[in-house]
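The values are calculated or read from the model by the stated rules, or taken from the named source; none is laboratory data. A quick note: this is a predicted structure, and the numbers were derived from the prediction, not measured. Here Cβ is always computed from backbone atoms with ideal geometry, including for glycine, and neighbour counts include all displayed protein chains. Heavy atoms of the whole protein, side chains included, go into the accessibility calculation; ligands, DNA and RNA do not. Shrake-Rupley method; radii C 1.70, N 1.55, O 1.52, S 1.80 Å.
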Amino acid sequence: MFYKSYQQIRADLDEQRITVAQIVNHHLEKIEEHNPNLNAFLEVFKEEAIIKAAQIDLKLKQGTAGRLAGLVVGIKDLFCLKDHLVSCSSKMLEDFESQITATPIQRLLDEDAIVIGRQNCDEFAMGSSNENSAFGLVKNGANPSRVPGGSSGGSAVGVQTDMCQISLGSDTGGSVRQPAAFCGVFGLKPTYSRISRYGLTAYSSSFDCVGILSKSIADTELILEIIAGSDERDTTSSRKKVPQFSQSPIKSSSYKIAYFDEINEAEGIATSVSQMMNQTMSSLKTSGHLLEKVSFPFLEYLLPTYYILTSAEASANLARFDGVRYGFRDLEISNLESMYKKSRTHGFGPEVLRRILLGTFVLSSGYQDAFYTKAQKVRRLIKDYTEKILEEYDFIISPTTATTAFEINSKTIDPVEMYLSDLFTVQASVAGIPAISIPLGEDQNAMPIGLQVMTASFEEEKLFSFAKSFKIT
Amino acid sequence: MATLETVIGLEVHVQLNTKSKIFSYDHNDFGNHPNSDVGAITLAHPGTLPMISKEVIDMGMKLGIALEGTINRNLIFDRKNYFYPDLPKGYQITQDATPICKGGIVKIRSDDFPHFDIELTKIHLEEDAGKSIHVQNADFTNVDLNRSGVPLVEIVTEPVITSSEQAGLCLIELRKLVRYLGISDGNMEQGSLRCDANISVRLPGAPLGSKVEVKNMNSIKNVRKAIDHEIERQTKMTAAGQTIISETRTYNPENNTTSGMRTKEIMNDYRYFPEPDISPIVISDEWYEGVKNSLPALPAQVKKTLIEDHGLSNYDANLLSDDRSIAAYFFKTASFCKHDKAISNWIMGPVKSYLNENEIGIDALSLTPQKLADLIHAVQQKEISHSDATQQAFKYVLHHPQVEVAAAIATLGLAQVDDFDEMQQLIDDVLEDHQAKVKEYHNGKKGVIGMFMGLIMKKAVGRIDPQKVNEMIKGTLDKIK
């Protein structure tokens, strides 16, 4: 029972060839089979999912079922679901139960999707390999000695191994696209503000995007259509009308596509990746698209800009985890100050502590102008430059990652080397534009390779159209 | 040593009386059970985001426009970062670089004090923190987060105030204004109006001295006392050649002193940066004009109208314009009756005493302006004596809101005797009976007229206008001389 898209599930449900109960059972079996080894789910809402399935089967019979009846969803453990735990893979929130439901999750539930469980991730979404979880690392389903990527590692593995049909992750600098590429699934980071962030635990407010991991573009389109759109609970959410992505026809246009020489010839890029990139580009040319080399002079500024700004925002966003009202509180304390210090030092893992310290530093009096303010200016330059390219070109393409999934523990020693694995994905995050990772194929070790396609803000429809017409030859 | 100059700047926090908090739907009420108005947003649960209340922006704009400042049409909020148990997010959402209003002026036009103007630096919007309640000798602190997220405007003056009297007048003026605008009850005891004072001293013409910030004054009187004490302390220190350090001090009302707070608390680096969870808010021309046109008449205009259109004295106009509701009551009453001075006297006299005795505002008064006008009209028409009107009829209609004034006068039997022949007969009879006293009067002992008044008023059971009776007695006595 493997469904490439929800459309097929719905067809089988409507023809009564299958029931929602069977679908849920199938995914529960997959979880039972893979999760003890891969550690993608932190908690499975088994009983709840079974009960919900029975209710939705009834609704299908009565003809009152929503548009996502029978869709089984996994959610990165950064999303709030009322009366459920939301740990952010942190000891800090190990026992924290949410009082709210995230807007995108609510919109899925309203259409009768079933949330099957909470997925492991890097603590507070900080990481690129899913090795920074207080509840153990996640392994790649293609090869369990490799990382799945991060921070939405559990979400990518969930879709990869069919533990769920789709996952909702979050993408701040590549946290959906990079694990999607490492696990061979589709990963979309929409335009910043396209999907409400209400109920998504914040890492970096001006970068965070809810992202979709799926087995097909069709599912990505359908889910985006349902969860996108303005929300009074998130003042930064866009009021732009959301197109009916799932209804839009495939346009067989000839597109103008830009690529950066700097990236395709970047140091550290794996031969397998650049080879596949070259093949892809010639295949695109053959299909009638126009490919042009474009210069991008800001490549070396991308990561510093990204890490300065996201760490700055994170240092404030994570200040609320102080042991006062909820969450972890160290008990070996003598006064208020020691309560703060010990609770935060022992509640957060090393990567989170590192970014809080970095963020606090770059905002400090005397350093703010040199770091934070300057990075804001550079962000503006990168955004303007990227937008200018996208006025002339429909897309910018690159590999999603420079290498395929790397070995577990191979990059944990040097945080900077780990940060470099975000090199290709951060541009879209800094610029706030949509980007998708499309599975391209595999290297000689059967590890997946992903193609990243970026386009102008709010042009997701065009992105989908291109992705659907895209054939690997 | 030359006399030192005092330089004072005020930071005034005003809690806005919105229904809900600034960034959530939690209620904004004073005095509720601790931690009862605390939803997920107030508690800073993961995943929550601030929503911005338009009502708060409207109120901030009203205050800015009323104080003649420049409204910033592109609003940006900032985060002010520090750790404290009553600050759930670990940062306060405030406005640093782009306050809702820049500049502005507080005009002091008191009768008893030279007129002066206080320039404002800025007015900005922010959220209030919760309350930490320190229990003496306990190893814990209680935190009440009901106040956390209550909307505030902070009004910052330029360092142009030179005395505690000026500071007090500035606060009185601001309190009057926020009440006029209906954006706050301006109650210092309950903390809906709070004031910190930055105080320094210097030799005339010298650069500004080290400023000391004094906090914790919960009445205008205490603000004055704290400033006076601080000036005295700094003056003595300067005279003794001691260096004044820039610090935050807290006022102790028990012994009227100030004491330094731990320097740690004030050495915070707040690491301000723009709040990324709130999109910049653009105030359109339409929005701006809408708010501007919704402003009520302000105290200065009201005072001017009272003097120029209603012929009241400066003194009366000051008293009436002090409170927007009282002024409104005056105008409403004046729309039914032309006797402006009488209305003013009634409001400042019996009406105000009644309000004070019962500790209620004029909005809660059961006497409608129409009825007050009827009462005044009855007195002017001599249908009832002034004293009967203020003492008996006024109370009666207050307690019987459904009864009309005319009916009340009839019920109480207070209708004045208009029959002057009958009155003259009464006077003649009394004078006839007291020949000796009449003689005394004619011999220059004018005081006896009081005794005649008493006798006649007793016989008439008080249903007559004493002034008229007095005149008639005098006339009769002068005639029979």
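Of note:
- Normalising the average separation of contacting C-alpha pairs (under 8 angstrom, six or more residues apart) by the number of residues puts the relative contact order of chain B at 14 percent.
- Gap separating the Cα centres of the stretch B:3-45 and the stretch A:113-149, nearest whole Å: 42 Å
- Relative contact order, percent, chain A [alpha-carbon distance under 8 Å, six or more residues apart]: 17 percent
- Nearest-0.05 FRET efficiency for B:MET348 and B:GLN402, computed from C-beta distance (R0 22 Å): 0.25
- Per-pair calculated FRET efficiency, R0 = 25 Å: A:LEU58 and A:LYS82 via Cβ, rounded to 0.05: 0.65
- Among the residues of A:359-366, the average count of other protein chain beta-carbon atoms within 10 Å of the residue beta-carbon is 3.
- The stretch A:74-156: C-alpha gyration tensor shape, a/c 1.5 cut-off, then a/b vs b/c: oblate
- The residues neighbouring A:ILE408, those whose beta-carbon lies less than 13 Å from its own, together hold a net charge of +1 under the Lys/Arg +1, Asp/Glu -1 convention.
- Across A:LYS52/A:LYS462; A:LYS240/A:LYS383; B:LYS437/B:LYS468, pairs whose alpha-carbon gap is larger than 26 Å: A:LYS52/A:LYS462
- Highest average packing first - A:30-43, B:228-241, Cβ atoms within 10 Å: A:30-43, B:228-241
- Exposure rank, largest accessible area first [B:LYS89, B:LYS382, A:LYS388; 1.4 Å]: A:LYS388, B:LYS382, B:LYS89
- Here B:LYS19 is the anchor, and the lysines within straight C-alpha reach of less than 20 Å, apart from those fewer than 8 places off in the same chain, are B:LYS54, B:LYS62, B:LYS131.
- These residues, A:ILE269, A:ILE263, go from largest to smallest accessible area, 1.4 Å probe, as A:ILE269, A:ILE263.
- Taking GluC sites (Glu not before Pro) across the stretch B:274-359, the ones in a DSSP loop with at most 12 further Cβ atoms lying within 10 angstrom of their Cβ are B:GLU359.
- Shape category assigned to the stretch B:306-395 from the gyration tensor of Cα positions, a/c cut at 1.5: oblate
- For the peptides B:133-140, A:413-420, A:350-357, the ranking by packing is A:350-357, A:413-420, B:133-140, with the highest mean count of neighbouring Cβ atoms within 10 Å listed first.
- Helix-only CD estimate at 222 nm, as mean residue ellipticity for the protein assembly as shown, using -39500 (n - 2.57) per DSSP H run (n ≥ 4): -11500 deg cm²/dmol
- When each of A:LYS139/A:LYS377; B:LYS122/B:LYS225; A:LYS377/B:LYS122 is checked by Cα-Cα distance, pairs over 30 Å: A:LYS139/A:LYS377
- Length gained on full extension, B:SER163 to B:SER387: 76.1 nm, using 0.36 nm per residue less the C-alpha separation.
- Buried between B and A is an accessible area of approximately 3000 Å², summed over both sides with a 1.4 Å probe.
- Here the spin labels are modelled as points 7 Å beyond Cα on the Cα-Cβ line, and at B:HIS442 and B:GLN380 they lie 4.2 nm apart.
- Extension gain from A:LYS285 to A:SER252, taking 0.36 nm per residue of separation minus the Cα-Cα distance: 10.5 nm
- Accessible surface, 1.4 Å probe, highest first, among residues A:THR271, B:THR305: A:THR271, B:THR305
- Theoretical gain in end-to-end length, B:GLU432 to B:LYS54 [0.36 nm per residue, Cα-Cα removed]: 128.1 nm
- The mean number of Cβ atoms from other chains found within 10 Å of a Cβ in peptide B:89-95 is 3, as a whole number.
- Calculated FRET value between B:ALA410 and B:SER219, using beta carbons and R₀ = 41 Å, to 0.05: 0.30
- Fraction of beta bridges assigned by DSSP in chain A that are antiparallel (%, nearest 5): 65 percent
- Taking a Cβ cut-off of under 14 Å around A:PHE321, the surrounding Lys, Arg, Asp and Glu residues balance to a net charge of +4, with basic ones at +1 and acidic ones at -1.
- Extending 7 Å from Cα along the Cβ direction at A:ILE413 and again at A:GLU33 yields two label points whose distance is 3.8 nm.
- Within-13-Å neighbourhood charge of B:THR98 [Cβ basis; K, R +1; D, E -1]: -1
- Using the Karplus relation 6.51 cos²θ - 1.76 cosθ + 1.60 with θ = phi - 60°, the per-residue 3J(HN,Hα) values for the stretch B:189-201 come to 5, 8, x, 7, 10, 10, 9, 10, 10, 9, 10, 8, 10 Hz, with x marking Gly and Pro.
- Distance (nanometres) between label positions extended 7 Å along Cα→Cβ at B:SER259 and A:LYS293: 7.5 nm
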